[in-house]
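The values are calculated or read from the model by the stated rules, or taken from the named source; none is laboratory data. Every value quoted in this text rests on a predicted model; they were computed, and no experiment measured them. With ideal geometry, Cβ positions are generated from the backbone for all residues, glycine too; neighbour counts draw on all protein chains shown. Note: areas computed on protein heavy atoms with side chains; ligands, DNA, RNA excluded. Shrake-Rupley method; radii C 1.70, N 1.55, O 1.52, S 1.80 Å.
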Amino acid sequence: MIDVTIANFQEEVIAASMTVPVLVDFWAPWCGPCKSLGPILEKVEIAYEGRFKLVKIDSDQEQQLGAAFGIRSIPTCILLMNGQPVDGFTGALPEGKIKEFLDKHLPPAPEAQAEPEPEPNAEDASPEAVLEKLQEAVATDPANDKARFDYVKHLLLAGREDDAKVAFAPVIAQTAVSQRFDALKRWMDAMDFVAINGHGAGAASAFDAKIAANKRDFEARFDKARWLMAGQRWTDALDELLEILMRDKAWSDGLARKTYIAILEIMEAPRPKVADGQIPPEDATVASYRRRLSSVVLS
């Protein structure tokens with residue numbers, strides 16, 4: 001649980017919600033129901049083991065934030081995902097109702113694994129060896145979503161799109177609740193877009209001509225971003241999507257923002273292991289583009 005003010009709101013709530021759902025508890029020291037709800041929320045946060053982040057905002061001290069969310073009574077809890085409020089509730093709900101509320105939006109808890117999967121040795125960490133190990137992990141435990149995500153991602157990186165689609169098929173229904181699987185689906189859709197429309201190496205000039213004629217031709221910008229995405233030119237695709245977001249954040253029901261977030265999911269490599277209590281470093285490029293997205297969304 002973290003206390004949030006206007007000073008750290010962007011970092012602890014908006015930026016954080018790009019990677020994990022954030023539950024904001026608006027409360028006040030004089031509020032009796034708030035005192036009952038607070039310990040329950042903290043208990044649930046611990047039980048959910050990182051599946052969401054809990055923050056608290058003193059509505060008396062931070063009236064600007066309360067007004068921004070339209071808070072009329074307390075306690076009120078608002079759930080944010082990808083920088084946007086998605087749901088909320090008012091009043092001191094019992095623990096079971098809070099879990100029901102969260103379970104509507106959070107990805108399911110991962111299955112406990114008896115042993116962590118061994119990392120490939122340096123000498124056999126070729127792409128083929130990594131793929132073989134991931135394929136074995138998925139075959140051994142089909143419910144291992146992390147292994148399946150990594151397996152499909154590596155297949156796509158290797159240009160084995162048909163194999164990737166076969167491996168992805170069992171979890172395609174989870175794209176609505178899993179940000180990582182949604183990212184893979186958007187990547188494969190971009191590949192299909194390029195293949196169906198025959199956009200080869202020279203497609204950029206056609207997109208650029210349309211954009212030069214009309215800088216608000218968002219369809220052309222988005223098509224170019226998908227073409228770049230299919231070619232694994234991640235930062236170029238992000239730059240094009242930012243051009244849309246800077247002009248119209250809500251274009252096509254947030255399509256540019258959702259695709260931007262998908263690319264960040266694909267780009268982000270597993271973080272290195274660190275000692276207990278330490279926070280592993282974030283990839284500098286991914287961190288930079290997350291900050292740029294937060295800046296645009298809040299502008």
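Cβ separations smaller than 7 Å between residues 6+ apart or across chains give the following pairs from segment 76-94 residues that are part of a strand (DSSP E or B) to residues that are open to solvent by 50 Å² or more (accessible area, probe 1.4 Å) and of a type in the set (S, T, N, Q): THR76/THR90; THR90/SER73.
Only a single item in (1) within 19 Å of LEU298 (Cα to Cα); (2) in contact with a strand residue (DSSP E or B) (Cβ under 7 Å, 6 or more places away or on another chain) is not met by GLU45, and it is number (1). Among the criteria (1) in contact (Cβ under 8 Å) with a residue 40 or more places away in the chain; (2) open to solvent by 40 Å² or more (accessible area, probe 1.4 Å); (3) farther than 30 Å from ILE266 by Cβ, the one TRP30 does not fulfil is (1). Scanning segment 192-228 for residues that are within 11 Å of ILE244 (Cβ to Cβ), open to solvent by 60 Å² or more (accessible area, probe 1.4 Å) and in a helix (DSSP H, G or I) returns a single hit, GLU219.
Screening GLY50, GLY38, GLY66, GLY83 for residues that are surrounded by 14 or more Cβ atoms within 10 Å (Cβ to Cβ), of a type in the set (Gly, Ala, Ser) and at pLDDT below 90 leaves exactly one candidate, GLY83.
Being surrounded by 15 or more Cβ atoms within 10 Å (Cβ to Cβ) and either within 22 Å of LEU157 (Cα to Cα) or modelled with pLDDT of 90 or more (or both) holds for only one residue in LEU255, LEU293, and it is LEU255.
Annotation note: Cβ proximity below 8 Å between a residue of segment 134-158 that is farther than 17 Å from GLN179 by Cβ and a residue that is open to solvent by less than 20 Å² (accessible area, probe 1.4 Å) and not in a helix (DSSP H, G or I) (sequence gap 6+ or interchain) occurs for ALA137/ASN144; VAL138/ASN144. What are the residues in segment 148-181 that are on the phi < 0 side of the Ramachandran plot, open to solvent by 50 Å² or more (accessible area, probe 1.4 Å) and not in a helix (DSSP H, G or I), if any? Scanning segment 148-181 gives ALA158, ARG160, VAL177. Taking the condition modelled with pLDDT of 90 or more, under 29 Å from ASP253 (Cβ atoms) and in a loop (DSSP other than H, G, I, E, B), does ILE71 pass? Considered against the rule, which asks whether it is modelled with pLDDT of 90 or more, under 29 Å from ASP253 (Cβ atoms) and in a loop (DSSP other than H, G, I, E, B), ILE71 comes out as yes. Across segment 6-57, the number of residues qualifying as aromatic (Phe, Trp, Tyr) and assigned to a loop (DSSP other than H, G, I, E, B) comes to 3. Applying the set (1) in contact (Cβ under 8 Å) with a residue 40 or more places away in the chain; (2) of a type outside the set (Gly, Ala, Ser); (3) open to solvent by 40 Å² or more (accessible area, probe 1.4 Å); (4) within 18 Å of TYR260 (Cβ to Cβ) to LEU184 leaves exactly one unmet item: (3).
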